[in-house]
Amino acid sequence: MSGLQITTNSPGETEQLGSILGSLLSPGSFLALRGDLGGGKTCLTRGVVASLAPQSTHLVASPTYAIMNCYPGSIPVYHFDFYRLTGDDDIAELGFEEFFYGDGVCIVEWSERLVELMPSDVLTLLFEYSEGDRRLITITSSGQKYDVVLEQLSGRL
Ligand SMILES: Nc1ncnc2c1ncn2[C@@H]1O[C@H](COP(=O)(O)OP(=O)(O)OP(=O)(O)O)[C@@H](O)[C@H]1O
Ligand SMILES: [Mg+2]
């Protein structure tokens with residue numbers, strides 16, 4: 001496991017980070033987003049979608065009622081928000097697991113809700129408030145595929 005810490009100074013910078021990251025992803029990629037409420041998870045997701053499914057970027061919002069949104073693109077993006085779920089039981093019952101190992105890119109906000117269902121190979125992004133509009137984003141990889149993504153990302157920043 002290796003890691004990278006990035007401070008962004010504005011929503012635009014967080015979105016830009018997402019769009020660079022998006023360009024490094026491939027079918028089956030899984031991003032686990034966790035941390036502070038309002039930390040910038042949806043903002044970063046908008047950037048990833050801008051890379052992979054640009055025609056859907058305007059649709060990316062914190063899903064209020066929807067737990068999952070699908071954005072068709074060069075690689076489909078499945079965007080989950082598990083804030084309102086209690087954990088694995090809900091997630092299994094709703095049948096989301098089948099998307100986790102499919103051909104799309106999965107982005108899960110509130111990935112804290114996943115316990116046993118968390119895939120073993122993931123890129124985890126932790127969002128924390130810092131002074132003013134700053135956000136500290138700590139990215140850790142688990143699995144060789146994501147070690148490479150992290151190295152590439154670090155080279156692009
Ligand atoms: N550096 C920054 N990066 C991202 N968002 C920022 C930053 N500075 C300020 N913001 C503001 O913080 C908010 C982040 O909202 P966003 O919906 O992306 O967070 P979230 O982590 O998805 O929230 P939730 O936990 O409710 O899902 C926005 O209002 C955005 O304008
Ligand atoms: Mg959100």
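Values in this text are rule-based calculations from the coordinates and carry no lab data. Predicted model, so just to flag it, every value in this text is computed and none were measured. In this analysis, Cβ positions are derived from the backbone assuming ideal geometry, glycine residues included, and neighbour counts consider all displayed protein chains.
Not counting the cut sites, what is the longest span of the chain without trypsin sites (Lys or Arg not before Pro) that DSSP labels loop and that have at most 16 other Cβ atoms within 10 Å?
Counting only loop sites that pass the neighbour cut-off, the longest clear stretch is 1-83.
Take the alpha carbon gyration tensor of region 44-121, find the square roots of its eigenvalues, order them as a ≥ b ≥ c, and report rounded if a/c is under 1.5; if not, report prolate when a/b exceeds b/c, else oblate.
It comes out prolate by the Cα gyration axes.
Name the long-range amide H neighbours of Val105: under 5 Å, sequence gap of 5 or more, or other chain; modelled H, no Pro or chain starts.
Under 5 Å from the amide H of Val105 lie the amide H atoms of Gly28, Val77, Tyr78, each far enough along the sequence or on another chain.
Which chymotrypsin sites (Phe, Trp or Tyr not before Pro) does region 68-157 hold that lie in a coil by DSSP with at most 13 other beta carbons within 10 Å?
Those satisfying the criteria are Tyr101.
Using 0.36 nm times the number of residues separating Ala61 and Leu117, minus their current alpha carbon distance, what extension gain do you get?
17.7 nm
Figure the gain on full extension for Ser26 and Gln152 (residue separation times 0.36 nm, minus the Cα-Cα span) and round it to one decimal in nm.
Separation in residues times 0.36 nm, less the Cα-Cα distance, equals 44.0 nm.
Over all alpha-carbon pairs in the chain, figure out the percentage whose distance exceeds 18 Å.
It works out to 54 percent of all Cα pairs.
Using amide H atoms built in the peptide plane, which far-off residues or other-chain residues are under 5 Å from Gly143 H to H?
Residues meeting the amide H criterion: none.
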